[in-house]
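*Asks:* Take a look at the following structure, please.
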Amino acid sequence: MAQDSSNNTLSIPSRGDKYVTVFNDPVNFNAKHPLNNSWTLWFDNPGKKSNANNWEQSLKELITFDTVEDFWGVYNNIMKTCDLQISSNYHLFKQGIKPMWEDSANKRGGKWSIQLPRNKTMAEIDNVWLYTMLACIGEAFEHENEVCGAVVSVRKAFFRIALWTRTSDNQEVVMSIGRTLKRSANINGTLEFQSHHEATAPAKSWTV
């Protein structure tokens, strides 16, 4: 809504607007809160004998959303992390960025990650993943443009949660993202940062 300075009243959005408010449709009120970015949820489970070829074939694009309400609609209607089969992965990335190192947004970057052993409560693991996603879509990071997405991986002995960044060289930016993630996701353990291609770049061993 916008204020009309001539008569000090509020103008009402037209029916052509994307997001309807209670003021112009009190019966079928369906106001939505848009996100600054659209996000895509991906899933894969290549199995124990995975390699680069069958991993990419198993990667499935599930859905893209751009509002707070649509995020919760997705989250409340997919399988929780702790119920996924071993070798499964959820990937939540900004639209247009594929969850693979070769993507132009990722190839110079790295990831903050933490492994959560299975002896932790399932609710705690689900919550860390949820709060990681909320930090991403809510743009909790000072250097939001450097955040590409997040991944949760289900393994036999642990769960791994990782946040992918565009850069792996700017320590100040990377450390800021790591500290914010640890605080936002209420992570008690140590987060470790690694560049995606440590063979072609100086190894990083930053922790928060």
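*Asks:* Can you tell me which residue is surrounded by the most Cβ atoms within 10 Å (Cβ to Cβ) among those in segment 124-169 that are more than 23 Å from Asn45 (Cβ to Cβ) and among the small types (Gly, Ala, Ser)?
*Replies:* Across segment 124-169, the extreme among qualifying residues is Ser168.
*Asks:* Continuing with this model, one more query. Which condition does Tyr131 not pass, out of (1) in a strand (DSSP E or B); (2) touching a residue at least 24 places away in the same chain (Cβ under 8 Å); (3) under 16 Å from the mean Cα position of the chain (by Cα), if it passes all the others?
*Replies:* (1)
*Asks:* Another question, then. Could you grab me the full set of residues in segment 145-189 that are without any contact (Cβ under 8 Å) to a residue 40 or more places away in the chain, out of contact with any strand residue (DSSP E or B) (no Cβ under 6 Å at 6 or more places or on another chain) and either assigned to a helix (DSSP H, G or I) or closer than 15 Å to Val208 by Cα (or both)?
*Replies:* The answer is Asn145, Gln171, Glu172, Val173, Met175, Ser176, Arg179, Lys182, Arg183, Asn188.
Here's the yes/no breakdown for (1) at pLDDT 65 or above; (2) in a loop (DSSP other than H, G, I, E, B):
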{"site": "Asn28", "(1), (2)": "no, yes"}
{"site": "Ala31", "(1), (2)": "yes, yes"}
{"site": "Asn54", "(1), (2)": "yes, no"}
{"site": "Thr64", "(1), (2)": "yes, no"}
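*Asks:* Would you mind finding the one in Ala105, Ala123 that is in the same structural domain as Gln171 (by TED's automatic domain parsing), assigned to a helix (DSSP H, G or I) and over 11 Å from the mean Cα position of the chain (by Cα)? Break it down into steps so the answer makes sense when it comes.
*Replies:* Values: Ala105 fails: assigned to a helix (DSSP H, G or I).
Just one listed residue meets the conditions, Ala123.
The values are calculated or read from the model by the stated rules, or taken from the named source; none is laboratory data. Note that the structure is a prediction, hence the values are computed from the model and not measured. As a convention, Cβ positions derive from the backbone with ideal geometry for all residues, glycine included, and neighbour counts pool all protein chains shown.
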